[in-house]
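All of the numbers you see were taken from the coordinates with simple rules; none came from a lab. The structure displayed is predicted, hence computed values, not measured ones. Note that each Cβ is placed from the backbone with ideal geometry, even for glycine, and that neighbours are counted across all protein chains shown.
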Amino acid sequence: MTMFSKMMAALGVAVLATAPAYGTGFDVTAIGVRGGLDDGNLSAWMIAAQGQSKAVMCDAGTLVNGIDIARRRGTLKRSRETILHDDIVGYLISHPHLDHVAGMLIASPEDSAKSVYALPSVGSVLLDSYFNGKAWANFTDRGQAPIGKYKLVDLAPGKPVPLAGTAMTVTAYPLAHGGMESTAFLVESQQDAILCLGDTGADAVEGASRLAELWRAVGPLIAARRLKAIIIEVSYPSERPRNLLFGHLTPALLFDELAQLEAAAGGKGSLKGLPLIVSHIKPAGSGEDPRDLIARQLTAANRLGLNLIIPSQGQRWTFR
Ligand SMILES: [Zn+2]
């Protein structure tokens, strides 16, 4: 029984089985938006079905610092403890690089019991490198002396899995990230979907077809107007030499990929207006803020008409 139907039942109101589903689309909060260096602002996206408090994190490079900033901005209203302990019910970990897991690791001693969803290759590095009783206590339910607070859930590519404590599901799609397996997460709530990608290189650079496979899988969702937003990395400006990309995207490479997605979604104009959040912009050593440069390059390349969003930490959106 939902909270709504419990309330209605308590009021003696009959709840129709066909009552219209509330909560279409998603609420997304930027808990961390950058790639590298800004240790309080690294990839972390809080995703909930619209109007629902129970959320999952797509990566958790930063956690409590980003929650505090969102609270200060007024985009998250509940206490830090309530958000960490009650609202966030699971972690989707795209790959085990520190800038995607540090917030979760640091919060884990004070965290509540949650599920951690990952491809097996990612889960095994989490166990070997962090939750091994040496680098950190083993808060998972596997491996060396497990404490059992985090239930490690293995994802199989292309197979939807329920997100415990929510009405959402997640489907993992493997990505190529400079020799490491990374993950794109398709989160679905009723008929709606949102796609959150971990770090990824372009197929042409990686010598892989992971993004092509992903675009084939999500293209039909865009054609059906079911996909509400995409969160994807752009780490470096377009002029960055290919041998220094380390498995990341630039504006030029992103738009080469998005042209493939447009074709998979039904052709010309099919991505028009689709919100695309640009994550993981890496800081430059000196000179112009890379956010400004990358934003300019993205805008210039955006002939597909996407709704490009350069996020700031603590920002919150409803995509429907
Ligand atoms: Zn990475």
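Brief remarks on what is shown
- Loop-located chymotrypsin sites (Phe, Trp or Tyr not before Pro) in the stretch 236-320, at most 16 other Cβ atoms within 10 Å (DSSP): F246
- Among residues other than P174 with Cβ under 14 Å from its Cβ, the summed charge is -3 (Lys and Arg +1, Asp and Glu -1).
- Within straight-line cross-link reach of K151, aspartates and glutamates at Cα separation under 14 Å, skipping those fewer than 8 residues along the same chain: D111, D141
- Highest mobility in the GNM of the chain, judged by mean-square fluctuation with C-alpha springs under 10 Å and restricted to A217, A259, A284, is found for A284.
- Of the trypsin sites (Lys or Arg not before Pro) found in the stretch 152-257, those in coil by DSSP whose Cβ has at most 15 other Cβ atoms within 10 Å are R225, R226.
- Counting charges near R296 (Lys, Arg +1; Asp, Glu -1) among other residues having Cβ under 14 Å from its Cβ returns a value of -3.
- When only Cα pairs below 8 angstrom with a gap of at least 6 residues are kept, the stretch 25-319 shows a relative contact order of 18 percent.
- Among beta bridges from DSSP that stay inside the chain, the antiparallel ones total about 55%.
- 37 °C / 0.692 mPa s Stokes-Einstein diffusion coefficient of the stretch 25-319, Kirkwood radius on C-alpha pairs, µm²/s: 173
- DSSP beta bridge pairing in the stretch 42-105, given as percent antiparallel to the nearest 5: 55
- Taking 29 Å as the limit for the C-alpha separation, the pairs K114/K228; K149/K282; K77/K272; K54/K149; K77/K268 exceed it in the case of K149/K282; K77/K272; K77/K268.
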